Structures are given as structure tokens and as C-alpha cells.
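Student: Before we start, here is the structure in question, set down as C-alpha cells.
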Amino acid sequence: MGNGSAGVCCTQKRYDFAVDALAKDWIGDSGLFSGRTVDCDNTLASPDTPHLARSLPSCARSDAAGMPAGGAAGGRDGFSDDFEWQMATEREAYEAASLLPAMYDVSPSALDDSPHTWTAVHRKTEAKRRLASFQRPQGTAAQDRLRSYIESLQHLGGESEAVAKVCDVFEDYMHIHLLLEHCSGGSIYERILERQYFTEQESAVLVKHILQALLAFHDKHLYHGCLTPDSFRFLSDSPHAPLKLVDFGIELKVHRWDAVENLNIGPDLQNPQCPQFFETCRLVFFAPEIAPPHQPKRKTGKGNVPVPMAADAQDWQVNCAWRVEDVGEGHDLLDGDLLADVIDEHADWVDEQQQDVACDYGRKFAAADVWSVGAIAFLLLCGYPPFFAPSRNTILARIHRGEISFDPPFWSKISEEAKSFVTGCLQQSCWDRPSVHAALAHPWIQRLADSSPSGSMFTSFMLNLRRFYRTSLIETYVANMLANKFRHEDMHDFLIRCREVDMCSTGFFTASDLKHVLAALGHNRIAEAISDRFLKTFRHPGESYIDYVALLDSIYLRQQRLFEEELWRHFQRVCQSTGRGTQEHAGRIGIGELVAFFGDPLIMGLLMREIPESAGVEEAVVSQRLQNGIRQHCSGRGTAHLEFRGLAALLLKLVRSYALPKDVIGFLGRAEREHLDSISTVL
């Protein structure tokens, strides 16, 4: 693994020798670094930008100067990139994650980018890469599957120009870090919105390139599962730059592999705890077999309905953590209708799993990718996705019903062949959808929409697309910002304010309402940023609607990930200072080391931030009680050691249930209250 000191030195020397030779023999002599590197600024594309030299990719893979597509991007030639990629694929073990900051200069990502992605520049060769980090699965079998998947991705990148190359891989106990080929040409949204007009023929070209990327995937028996337009990037600013798949659905796969390997104690297979499943502008592209099940709206009792606080992700039940729990006076806690719905849904799910065993399991997930392509094609033809709605639960209901409509006037200029393609991809049954090969052979793709009406699509296309893209950026930006700003108690205050604004209890409101709520809570800078970066830049007569309940779920998941990552950094530092930073002890802590662990001021500062200020407790008292709770936890299980993942989950539960005010306890959902009852016996 290269985690030991001797292994690290050898690996570092070998890599340094290789990059020195690369820089001297192939880069330095040719003077390629004398030019400006490709700018990776993530500023938003203005809708009023005049038509630039950039355009959508053509079928030909060479630009006006005759240079191969993707060549000389960022001051490097294709041979140099191929050399580094070959080194990575031939490496028998992944590099230690501790080498990553020594070898790459990692810059922060933009707040409207996907979480856990950064731009990394090699300190010697100045090669620019896209860094994507994922938490490793817990089970041994799941980790083996992840390794096999990444190995397949490494080989695939050298065989297909439609898939971003995996240039290097780093790992530690908690994470897998992928260094991907840097694609600086922007997203599909940005490239389209820079134009003054857009045609159906160009939509067909884009969909064809998306299918070609998937074809390389599926031919290797690889499947994505949760494709969106953001899964693709153009390689460069060149008008004919190739469109590349840069997101491989790893987070969802890790979740599912852990769930299958730990059926009784692992995560819920049907309700992935991934942020993209709580962002409506991403969820809308997911197939019904991938999307979480739709939850029927529960009957409400009389009077005010209590508002639940977020439960720990490990304790989430079928209902999401922030959903309203009906515990009003006189309300029967055993809802017969809900129970019947859950039983029926579970029976359907069991039947579906049995069909998966009897049938081709891979074909089901290949069909999920085809569904996503159909949803993306729908978006590229009218400017809005097929199942979009202001609330997450309504989106799920529409996905599982699978009913699509080609509403006039938005579809009045779209050809029948295009409608046929979309309808075929969005078949409700995964067995009725075409394969990628069949989709590529569809007349609309084969003839690139030559039967469509001439000229650009209606003006409404650009307006709809700009509005949808603006909503997706606001969702991501606000979730990333508030995950860093909010304390646990702030989320409760935010939810109360949202429900005061939402007079009809719909669960959603406008982006302007969100601005007012944030300003009222003292987050004026975030409110101003929403206006300046999105509402003014993307001028549109319509409003963007935000599901604030799903937004809170997304914030909560991000906060938990941030907590675990910061705690892991401090955990590693403490282990190294006590001489336990070796591979054999990685990720474990003994009972005898708790004093040193809780004696670290940075760790205690992190834990104290999770405790409500209103609790008024001292740090020393918290430290002692947490140690006692962990000792009792280990004693009850007959072990003297605790894995880091278990430690992080236990600490998060303990500190977030510590001395909660009585008025907050009254707002907790049933699952959270049961969780607190179980923890009170430990404390």
C-alpha cells in the first residue's frame, strides 16, 4: 500500500524520478510550459454573453487547426498524459494519501461545485487534474469490488476518448482519492447557455456523444446508475473538444455495496444517504429502480404539527430525518394506512430483488443509465426535465409513475423521432428500455435529427434551461455554505423560519423567500450572494423553487461528512504523535488512548461545536462523560479497541444528544427520540 515509511520513500523516489524525466525529456525541451495554462475558474457563464467561438462538439474529432481533440490542453501534449496514465495503471498498489499534498497543490473548489471535488496541480510537472474523493466502503468484499471497479476505469480511460482518464489513485483507511483528467471546457449547461440559439440537431449530437461514453462503459460491464448533465465535461475550450464522462457514480456504488454486504446493520439500500438524492435538480434524472421510494403523504392531526430534528444518518428510517412526524394529541401512533403502504412496498421490493437474482442483474443498471439519457435528452429538447416539480416527494411520485407528456407549445417544433427516442428510453419497466447499442441505432441519433424543423428552438428553451440551471446552482451553493455555517441548533431555527414563510405547508418556497429567511437569521452575505451570483446573473421572469426540507437533509449529510473528515485528520495526527501511525494500527484506537485523544484541544473544539451553546457545559465535563460513554460501549461489546468509523458515529450521536433543551426534545421525531433513550443509558 505504500503506507509504511520505507514504502513511502521508495514510492516517492520512483515517482520523482519518473516526473523529473518526463519534465526534462518531453516537456522542458519543447517549451510547452512557457504558454498559459488552461484557466480552471468556475465562474458562472453569463446568459448575456455574446456567441463565442465555443460551440458544441461536432462528429469530427479535430479542430480548425487540425490538432487532435484534447491535444495540448493546459500546456501538455497527449504523449505526456499517456505516459503518466500508463504509470498509474501499471502500479500494483495505490499511493498513500499522505503523499497527495506533497505531490499536488490542491485548490479549494467553488461553492457551487459538487462536494468533494477539487482542482489539483502537480508540483513538478504542473499538470492540472480533477481531484475527486470518496469514502471507502466498510466491508472487505465491498472494498474489493471498489478496487476492481477503479482498475477497470483506469484501463477504460486509455481505450475511450469519451471517458476521463484516471491518472492516479491515493488511499488511506477512510478515503479513495482519484486524480482525473482535467476537463476545462465547462459543463453542458454552460456551453449551451453561452449561445444565442440552439437547435434540435445539436441536441441529437450531444445525446449521441453521451451514448458513446456509455457504450464504452457498458461494453466493459460497467454501469453508472445516477447520470446527470453534470456527469459530463468538455475537455477544453476548443469548439470541437470531446465531451467526456467525468463522474463514475462511485458514491452510490459504495453505498449499495455496503448495504448488500451488511443487510441487517448496514445503510438502507432503498434510501441512499448521498447528497445528490436530496438535490431535486439531480434526483430528477434518476431511474425509478435507483430513486428512493415515494412516501405517501401522511394524515395530519389537529393543531400544530411538531417539527422533527435531524436524526443521525445511521438511524434514519424510511421517512427522511426532517419529515414531519404526526404525534399530536389523540393521534394513533400506529398509522394503519401507512403500515399497509410500507408492507405492500416491501413485498414489491422483495419480488423485485428475486427477479434481479433470476434475471440479468447488470442489465437492470444498464437500463437505469438509458433512463437517465432519456431524461437528459428531454431536457435538451425543451429546457426542463421530464419529472421536475418544486418538491422532492412529488418528483419521486412522478418518477415512479413514469408518466411523461410533451406539453405544447414547448414541444410543437420537436420532431416525432425525438419524441420516439425519449419515450423509448423512459419506459417504466427497465426490461422494456433499449440497450445503449439500440439507442445509438435509433433513427433520431443515426440521422442526427435531420427530419426536425429547421431553425432554432423556441425562445422558451433557453429560458427554461436557464431557470433550471439556476435552481441547481442555488441548491448546491446554499447546501455547501450552510453545511459550514450552521450548528445543529441553527438547523432547527432555519426550519421554523421556513415553515413560517411557507403559509400553505407545501414544503417549498421561492429562492427570494430563501434569501429573506437567511437574512432574518443573520446570514446576509449568503443572501446577497444568492441575489448577485444567481438571481441577477441568470435573469428570468420566473422564480426558482427550493424544497427547504430536502435542502436541510442535504445540509445534514454534508455536515456529517465534514465532521468525519475533520475528526479523521485530527485522529491521524494524534495517532502519529503517539507512534501508532503505522499501517497495522491505522483506523483503530485503544481504550487506553482515549485520554490522549480527548486531551487534544482541536478534537475537543470540534466536539464542542456540535453541542448546543444553550447547554452551558464545560469542556472538561464533556470530555469525561464522552470517555465514560465510549468505555461502556466497548465493555458491552467485549472489545478494547474501536474502529474509527464506529468512534466517529458514536461521538456524533453522543454530542448531538447532549443536554438538548426540553423545548427541542418536544420537536424530535420518533426515531430520534428512541435513539436518545438508548443513549441515555450509556451517559
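Student: Has the stretch 382-395 got any residue that is closer than 19 Å to PHE468 by Cβ, surrounded by 22 or more Cβ atoms within 10 Å (Cβ to Cβ) and either touching a strand residue (DSSP E or B) at 6+ places or on another chain (Cβ under 6 Å) or among the aliphatic types (A, V, I, L, M) (or both)?
Tutor: yes
Student: Looking at (1) under 27 Å from SER98 (Cα atoms); (2) modelled with pLDDT of 75 or more; (3) open to solvent by 70 Å² or more (accessible area, probe 1.4 Å), which one does LEU650 not meet, given that it meets all the others?
Tutor: Tallying (1) under 27 Å from SER98 (Cα atoms); (2) modelled with pLDDT of 75 or more; (3) open to solvent by 70 Å² or more (accessible area, probe 1.4 Å), LEU650 fails exactly one: (3).
Student: Then there is this: Output yes when any residue across the stretch 175-193 is over 22 Å from the mean Cα position of the chain (by Cα), crowded, with 20+ Cβ neighbours inside 10 Å and of a type outside the set (D, E, K, R), and no when none is.
Tutor: Within the stretch 175-193 (the criterion being over 22 Å from the mean Cα position of the chain (by Cα), crowded, with 20+ Cβ neighbours inside 10 Å and of a type outside the set (D, E, K, R)), the answer is yes, since at least one residue qualifies.
Student: Working carefully through the options THR117, THR89, find the one that is within 24 Å of SER152 (Cα to Cα), of a type in the set (Val, Ile, Thr), open to solvent by less than 40 Å² (accessible area, probe 1.4 Å) and at pLDDT 75 or above.
Tutor: It is THR117.
Student: Taking the conditions exactly as written (within 21 Å of ARG645 (Cβ to Cβ), assigned to a strand (DSSP E or B) and of a type in the set (S, T, N, Q)), does SER98 satisfy them or not?
Tutor: Answer is no for this residue.
Student: Sticking with this structure for a sec: Name the pairs whose Cβ atoms lie under 6 Å apart, with the first residue in the stretch 603-631 and touching a residue at least 60 places away in the same chain (Cβ under 8 Å), the second in a helix (DSSP H, G or I) and among the acidic types (Asp, Glu), and 6 or more positions between them or separate chains?
Tutor: Going by the 6 Å Cβ cut-off, the qualifying pairs are PRO612/GLU489.
Student: For the subset of the stretch 474-504 comprising residues that are more than 25 Å from the chain's Cα centre (by Cα) and without any contact (Cβ under 8 Å) to a residue 40 or more places away in the chain, which member is surrounded by the most Cβ atoms within 10 Å (Cβ to Cβ)?
Tutor: Among them, the one singled out is ARG497.
Student: Select from the stretch 237-254 the residues that are open to solvent by less than 20 Å² (accessible area, probe 1.4 Å) and in contact (Cβ under 8 Å) with a residue 40 or more places away in the chain and list them in ascending order.
Tutor: Matches in the stretch 237-254: ALA241, PRO242, LEU243, LYS244, LEU245, VAL246, PHE248, ILE250, VAL254.
Student: State which residue pairs qualify: first residue of a type outside the set (A, V, I, L, M) and inside the stretch 202-228, second residue open to solvent by 30 Å² or more (accessible area, probe 1.4 Å) in any location, beta carbons under 6 Å apart, and separation of 6 or more residues or different chains.
Tutor: Here the result reads LYS220/SER152; THR228/ARG282, each pair linking the stretch 202-228 to a residue that is open to solvent by 30 Å² or more (accessible area, probe 1.4 Å).
Student: Oh, and also: Give the residues of the stretch 417-473 that are within 23 Å of PHE217 (Cβ to Cβ), in contact (Cβ under 8 Å) with a residue 40 or more places away in the chain and charged (D, E, K, R), sorted by residue number.
Tutor: ARG433
Student: May I pose another question? Could you say whether any residue in the stretch 239-249 is basic (Lys, Arg) and in a loop (DSSP other than H, G, I, E, B)?
Tutor: No, because not a single residue in the stretch 239-249 is basic (Lys, Arg) and in a loop (DSSP other than H, G, I, E, B).
Student: Which members of the stretch 435-462 meet the condition of being assigned to a helix (DSSP H, G or I) and hydrophobic (A, V, I, L, M, F, W, C)?
Tutor: Matches in the stretch 435-462: VAL436, ALA438, ALA439, LEU440, TRP444, ILE445, PHE461, MET462.
Student: Please state which one of ARG637, ARG631, ARG609, ARG656 is basic (Lys, Arg), at pLDDT 85 or above and within 17 Å of GLN559 (Cβ to Cβ).
Tutor: Criteria check complete, one pass: ARG609.
The values are calculated or read from the model by the stated rules, or taken from the named source; none is laboratory data. Just so we're clear, the structure is a prediction, and the values are computed from it rather than from any experiment. Ideal geometry is used to build each Cβ from the backbone, glycine not excepted, and the neighbour counts take in all protein chains shown. For accessibility, only protein heavy atoms count, side chains too; no ligands or nucleic acids. Shrake-Rupley method; radii C 1.70, N 1.55, O 1.52, S 1.80 Å.
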